[in-house]
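Written out below as structure tokens is the structure these notes cover.
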Amino acid sequence: MNASALMLAKQYFGLLLVLLTLRSAQAEPQLPKVQVQLRADPSTRSFNCHYQFTLPAADTSTRVVLRLNRAFRVQQVQAKGAASVRQTRSYYPYFADTLQRVEVRFKRGARQARTVSLSYSGTLDTLFATAAVLEFSGHTGWLPFQPLCEYEPVDYELRVKVPAGYQVVSSADLLKSGAGAWQFRGRTGQIEITALIGRQFSRAALAARPQVQIVKAGATTTRADTLLLRKAVDVVGFYNRTIGRQDSVKRFTVLLPGTDRDAFGLREDATVITYPDFNVSQRGAELILAHEISHKWWGEGSVHNYNDWLNEAVATYSSLLYLQARGDTAGYRIELNKRAQTLTDSTPAIIGFESSQHPYQVFRQVIYNKGTVVLAALHGYLGDKQFIQLLATAAGRRTSTTEELLQLVQAQAGPEARTWLRAKLERVGR
């Protein structure tokens, strides 16, 4: 190759690299940034928090609204360049509660970043505080959030100050710690930033791939915890081979605060199990574990409209697939039949379902149970191989709407399959 050709080749590959870099940058959307400084006193269950929320540069909104638990006392709201700041209270349907509302309006054309800072204090409910731990989690309601965006991802940094002798555990990576200060950084839903504070945490892990560990507040791990650990390894391994193979889990943490609440999944590759007698030797707990782990992939749909079935029904059916794969075919059929039996001739259609217009029982019936039954029917329609491929593709693409799923079905199985599925989703009744 002569010098001229070599120069052209270098220019070509240089341009190609720039284009690929730009494409990569465009594919990764900018997220809001959150900085949280938490100071907690376990002896009184009290805390002080300084919360800073910054819109991404591309977001030129002139208004930022944040919601916050009404039990907390807001000391200060700051927003550089704000034209007005308004604090009120109003009912928030999704939480079925009255929340504080902070609205900040910015001047049009303002060049600086749109940042809102809240300083507030409160006391944790006894549901989230024991002698062993203070639990600051998505179910504690300790963080502000944008309305209708509770689970929308943010890039965050969390700094926690605790008295001497206390430790802090989070679902995010630990950046540094020392002198009662702990710092974490990660990406998760707006209300899912997590901090567990206690004097002692027990840890257990298996030398397996993917790496799965248990972090337990207070007491040492038990036989039931070891069983939970082994089950989590098995569930994650199954999902990595099937529905999650395009976006597999490499590390997974089960947090065990021991507070007497429920079980829920986090988007930061961690499942928080929050009741003491969680025992995966029982099928119900096994299914809960598999359901919550699968939210690693099934958490992109809106929780405020019918697309929530893409979160809950797909997570539920994923747990049934695990049951079937480990050889409990009878259990698979029993659990699927339980959900089918809740449906009636008047059960609303999934597409267009408005949860705010129905009691919670009907919401569970439609979004969880009917969605699961539809997925089982789609599984039978497509067959094992094609159905698992569909789920893997949907998970890999972080499918968030029913229309996106219908497009994937058409691309993979043809327009007749799309029409068939849409009819199932629009059908009133069983």
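The values are calculated or read from the model by the stated rules, or taken from the named source; none is laboratory data. All values derive from a computational prediction rather than experimental measurement. Cβ placement follows ideal geometry from the backbone for every residue including glycine, while neighbour counts extend to all protein chains displayed. Side chains are part of the model used for accessible areas, which takes the heavy atoms of the whole protein and leaves out ligands, DNA and RNA. Shrake-Rupley method; radii C 1.70, N 1.55, O 1.52, S 1.80 Å.
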>> Condition first: out of contact with any Phe, Trp or Tyr (no Cβ under 6 Å at 6 or more places or on another chain) and either touching a residue at least 60 places away in the same chain (Cβ under 8 Å) or open to solvent by 20 Å² or more (accessible area, probe 1.4 Å) (or both). Now tell me which residues in the range 318-336 satisfy that.
In response: SER318, LEU321, ARG326, GLY327, ASP328, THR329, ALA330, TYR332, ARG333, ILE334, LEU336
>> If I ask for residues that are part of a strand (DSSP E or B) and more than 24 Å from the chain's Cα centre (by Cα), which ones from the range 31-60 would you list?
In response: ARG39, ALA40, ASP41, SER46, PHE47, ASN48
> Can you pull out the residues in the range 126-151 that are out of contact with any Lys or Arg (no Cβ under 8 Å at 6 or more places or on another chain) and in a loop (DSSP other than H, G, I, E, B)?
Replying inline: THR130, ALA131, VAL133, SER137, GLY138, THR140, GLY141, TRP142, LEU143, LEU148, CYS149, GLU150
> Do the conditions hold for GLY244, that is, is it open to solvent by less than 10 Å² (accessible area, probe 1.4 Å), under 21 Å from GLU404 (Cβ atoms) and not in a helix (DSSP H, G or I)?
Replying inline: yes
>> Take VAL272 and tell me if it is among the β-branched types (Val, Ile, Thr), under 30 Å from PRO147 (Cα atoms), touching a residue at least 40 places away in the same chain (Cβ under 8 Å) and not in a strand (DSSP E or B).
In response: no
> Which ones in the range 223-248 are in contact with a strand residue (DSSP E or B) (Cβ under 9 Å, 6 or more places away or on another chain) and either at pLDDT below 90 or within 13 Å of ASP277 (Cα to Cα) (or both)?
Replying inline: ASP225, LEU228
> All but one of (1) within 14 Å of THR140 (Cα to Cα); (2) modelled with pLDDT of 90 or more; (3) within 17 Å of the chain's Cα centre (by Cα) hold for ILE273; which doesn't?
Replying inline: (2)
> Looking at VAL249, VAL236, which is the one that is assigned to a loop (DSSP other than H, G, I, E, B), out of contact with any Leu (no Cβ under 7 Å at 6 or more places or on another chain) and open to solvent by less than 10 Å² (accessible area, probe 1.4 Å)?
Replying inline: VAL249
>> Please go through the range 275-304 and give me each residue that is open to solvent by 20 Å² or more (accessible area, probe 1.4 Å) and either without any contact (Cβ under 8 Å) to a residue 24 or more places away in the chain or β-branched (Val, Ile, Thr) (or both), ordered by number.
In response: TYR275, PRO276, ASP277, GLN282, GLY284, ILE288, VAL303
>> So if I check each of SER346, SER355, which one is open to solvent by 80 Å² or more (accessible area, probe 1.4 Å) and in contact (Cβ under 8 Å) with a residue 12 or more places away in the chain?
In response: SER346
>> Checking THR88 against (1) part of a strand (DSSP E or B); (2) among the hydroxyl-bearing types (Ser, Thr, Tyr); (3) over 24 Å from ARG108 (Cα atoms), only one condition comes out false. Which one?
In response: (3)
> Can you name the number of the only condition in (1) of a type in the set (D, E, K, R); (2) open to solvent by less than 50 Å² (accessible area, probe 1.4 Å); (3) touching a helix residue (DSSP H, G or I) at 6+ places or on another chain (Cβ under 6 Å) that GLU268 fails?
Replying inline: (3)
> Which ones in the range 217-233 are farther than 16 Å from VAL280 by Cα and surrounded by fewer than 16 Cβ atoms within 10 Å (Cβ to Cβ)?
Replying inline: ALA219, THR220
> Could you list, in sequence order, the residues of the range 342-399 that are under 22 Å from TRP420 (Cβ atoms) and outside any helix (DSSP H, G or I)?
Replying inline: LEU343, ASP345, THR347, PRO348, ALA349, ILE350, ILE351, GLY352, PHE353, GLY383, ARG397, THR399
> Does THR221 count as in contact (Cβ under 8 Å) with a residue 40 or more places away in the chain and either among the polar types (S, T, N, Q) or touching an Asp or Glu at 6+ places or on another chain (Cβ under 8 Å) (or both)?
Replying inline: no
> Residues THR88, THR62, THR44, THR98: which one is β-branched (Val, Ile, Thr) and modelled with pLDDT under 95?
Replying inline: THR62
